[in-house]
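**Q** Below are the structure tokens for one structure; questions will follow.
The values are calculated or read from the model by the stated rules, or taken from the named source; none is laboratory data. Computed from a predicted model, the values in this text were never measured in an experiment. Quick reminder, even Gly has a Cβ in these numbers, built from the backbone with ideal geometry, and neighbours come from all protein chains shown. To get the accessible areas, we keep the full protein, side chains included, count just its heavy atoms, and leave off ligands, DNA and RNA. Shrake-Rupley method; radii C 1.70, N 1.55, O 1.52, S 1.80 Å.
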Amino acid sequence: MTEATGGIDFEEESAGVVKKFMFVNRKAPYGTIYALEGLEVVLISAAFDQDVSLVFLDDGVYQIVKGQHTKAIDVKNFSPTYRALEGYDIEKLYVLKESLEERGLTVDDLLVDVEVLDAAGMARLMAEQDVVLSF
Amino acid sequence: MKFGILVNEGLYQHQASDTAYQFAKAAIEKGHQVPRVFFYHDGVYNSSRLTEPPQDDRNIVQRWQKLAKEHNIDLVVCVAAALRRGIKDENLAEGFRISGLGQLVEVGIQADRLVVFGD
């Protein structure tokens, strides 16, 4: 029993376990809070030494587009945080090819280095994961 | 099997909370375990003890409390998401506890499946 886990003895059980965690970002960065709060989970996961991947698809690709200016909507521009992920050893970033193309974007429009996968490749990558969290 | 559950939506606005509850209940009835339900985004509102739905409607907060008590489920509310939305210990329903996002990652590591309910 541990205080921190409300009596469920997780901490000991999970020590040394490395799972494949995938965070799927599907939503535009502003308009809803999903992207911002989703990124918080990604940052916390880094502290658990898991095998973390980030995926951007649908409007989620806008999260990592360069040159975001949010002053006019009085919301914090949190896009610089994606550039800091490398410092947390989160380096596996993937973008769905079709989502980029549908929006007239290329990798040159993105503020981080990513691997571009088509839908079939993305499906294979997802199937390999232990935990998929989608925001 | 051990199921972790993540609830990401407000309790009456969206069906996610209802579906998560029905899923947890059904899993337990089938002999599975649900060690923890984690509430994030507007899902933190599931824990407000100030919730008073009309009498002819289901009481989602009480339903979680009852299920958790009967089956020893750890109901965890994300502290950052909760503070942003005005959920604090002083209005937290009994049976819930406020803690960090590490509790979500931990249940992801520990459970056999983590099931996400939300948009």
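Here's the yes/no breakdown for (1) in contact with a Cys (Cβ under 8 Å, 6 or more places away or on another chain); (2) within 11 Å of chain A (Cβ to nearest Cβ); (3) exposed (fewer than 14 other Cβ atoms within 10 Å of the Cβ); (4) at pLDDT 95 or above:
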residue: B:5; (1), (2), (3), (4): no, no, no, yes
residue: B:15; (1), (2), (3), (4): no, no, yes, yes
residue: B:37; (1), (2), (3), (4): no, no, no, yes
residue: B:40; (1), (2), (3), (4): yes, yes, no, yes
residue: B:62; (1), (2), (3), (4): no, no, no, yes
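**Q** Right, next: Determine which single condition residue B:75 fails, assuming it passes every other condition in (1) free of Cβ contacts under 8 Å to residues at least 60 places away in the same chain; (2) open to solvent by 20 Å² or more (accessible area, probe 1.4 Å).
**A** The number of the failed condition is (2).
**Q** Let me ask something else about it. Does residue A:86 satisfy the criteria of being under 13 Å from the mean Cα position of the chain (by Cα) and open to solvent by 50 Å² or more (accessible area, probe 1.4 Å)?
**A** yes
**Q** Follow-up question, since we're still on this one. From the residues in the range A:12-41 that are in contact with a strand residue (DSSP E or B) (Cβ under 8 Å, 6 or more places away or on another chain) and in a loop (DSSP other than H, G, I, E, B), which one is nearest to the other protein chains (Cβ to nearest Cβ)?
**A** Here the answer is A:19.
**Q** Now for a different question. Out of everything in the range A:42-61 that is assigned to a helix (DSSP H, G or I) and surrounded by 22 or more Cβ atoms within 10 Å (Cβ to Cβ), what residue ends up being nearest to the chain's Cα centre (by Cα)?
**A** Going through the qualifying residues, I end up with A:42.
**Q** Is at least one residue of the range B:71-86 farther than 21 Å from residue A:45 by Cα, more than 10 Å from chain A (Cβ to nearest Cβ) and in contact with a Phe, Trp or Tyr (Cβ under 6 Å, 6 or more places away or on another chain)?
**A** No, the range B:71-86 contains no residue that is farther than 21 Å from residue A:45 by Cα, more than 10 Å from chain A (Cβ to nearest Cβ) and in contact with a Phe, Trp or Tyr (Cβ under 6 Å, 6 or more places away or on another chain).
**Q** Scan the range B:93-110 residue by residue and report those that are open to solvent by 10 Å² or more (accessible area, probe 1.4 Å) and part of a loop (DSSP other than H, G, I, E, B).
**A** Listed by number, the residues that qualify are B:94, B:95, B:100, B:101.
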